[in-house]
Amino acid sequence: MTKAYLLGALHDGTVRKLTYRIVQKDQEYIEFLVKEIKNLGQKAWMYKEGKTRNLYVVEFSRSFLKDFVIESNKDKIDYIRGYFDAEGGVSRDPKVRYYLYFAQKNLKDLSQIKKWLEELGIKCGFIHNPSKKVDPNYWRFFISVQSYEKFAKIIGSWHPVKSHFLRMKI
């Protein structure tokens with residue numbers, strides 16, 4: 001894992017006064033993040049949120065990513081992978097047509113991801129709002145069928161569930 005990956009994954013996180021906090025239902029993914037953050041030399045801790053909720057949290061110091069900037073193509077790829085693991089999706093139901101997508105409320109961030117993917121030769125659909133009535137500030141785009149294999153090879157996923165479905169179909 002890299003700092004660029006973490007920065008991408010933080011799109012599913014929250015900023016607190018002194019820490020970043022990433023919450024997911026998938027305990028295995030949070031355990032992965034804790035382990036990898038520690039491998040980068042930073043303290044991180046995990047806990048379950050509430051007694052009855054199936055949500056797991058990793059927290060680590062904000063100072064860890066304070067001056068980090070995306071610069072290289074490798075940084076961009078790692079950032080996109082983290083973003084996909086946090087805010088992307090892959091179809092899991094074998095009865096549904098296979099798809100890969102990115103979704104986010106921040107249109108500017110989503111546009112940047114799409115631009116970087118296209119620079120890497122990965123074809124993407126249009127950014128669109130799936131339902132203005134439900135949420136006028138929710139945006140998404142799909143990865144083109146022609147680029148599934150390229151996406152899997154270049155970007156991939158470190159999320160235990162998403163990586164399984166990504167590898168399974170490609």
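The values are calculated or read from the model by the stated rules, or taken from the named source; none is laboratory data. All figures in this text were calculated on a predicted structure; none of them were measured in a lab. Quick reminder, even Gly has a Cβ in these numbers, built from the backbone with ideal geometry, and neighbours come from all protein chains shown.
If I filter the stretch 67-78 for residues that are surrounded by fewer than 20 Cβ atoms within 10 Å (Cβ to Cβ) and over 30 Å from ILE122 (Cα atoms), do I get at least one hit? No: the stretch 67-78 contains no residue that is surrounded by fewer than 20 Cβ atoms within 10 Å (Cβ to Cβ) and over 30 Å from ILE122 (Cα atoms). Residue pairs whose Cβ atoms lie under 7 Å apart, separated by 6 or more positions or on different chains, with the first residue in the stretch 80-99 and more than 15 Å from PHE142 (Cβ to Cβ) and surrounded by fewer than 14 Cβ atoms within 10 Å (Cβ to Cβ) and the second at pLDDT below 85 and not small (Gly, Ala, Ser), are ARG92/PHE165.
Taking the numbered list (1) out of contact with any helix residue (DSSP H, G or I) (no Cβ under 7 Å at 6 or more places or on another chain); (2) not assigned by TED's automatic domain parsing to the domain that holds TYR138; (3) not small (Gly, Ala, Ser) in turn, PHE60 passes all entries but (1). The residue pairs whose first member lies in the stretch 123-149 and is assigned by TED's automatic domain parsing to the domain that holds GLY89, whose second member is among the charged types (D, E, K, R) and in a loop (DSSP other than H, G, I, E, B), and whose beta carbons are closer than 6 Å, counting only pairs six or more residues apart or on different chains, are ASN137/LYS105; TYR138/LYS105; SER144/LYS123; GLN146/LYS123; SER147/LYS123. Of LEU33, LEU40, LEU18, LEU7, all but one fail to be surrounded by 14 or more Cβ atoms within 10 Å (Cβ to Cβ), hydrophobic (A, V, I, L, M, F, W, C), outside the structural domain of SER147 (by TED's automatic domain parsing) and over 16 Å from the mean Cα position of the chain (by Cα); the exception is LEU40. Once the stretch 114-141 is narrowed to residues that are part of a loop (DSSP other than H, G, I, E, B) and of a type in the set (A, V, I, L, M), the residue that is farthest from the chain's Cα centre (by Cα) is VAL134.
Counting only residues that are over 14 Å from ILE22 (Cβ atoms) and not small (Gly, Ala, Ser), the stretch 49-68 holds 7 of them.
Conditions first: (1) in contact with an Asp or Glu (Cβ under 9 Å, 6 or more places away or on another chain); (2) outside any loop (DSSP other than H, G, I, E, B). GLU149 passes all but one, so which condition is the exception? Only one criterion is unmet by GLU149, namely (1). Is it the case, given these coordinates, that ASP109 is farther than 22 Å from SER163 by Cα, surrounded by 13 or more Cβ atoms within 10 Å (Cβ to Cβ) and of a type in the set (Asp, Glu)? So ASP109 fits the description; yes.
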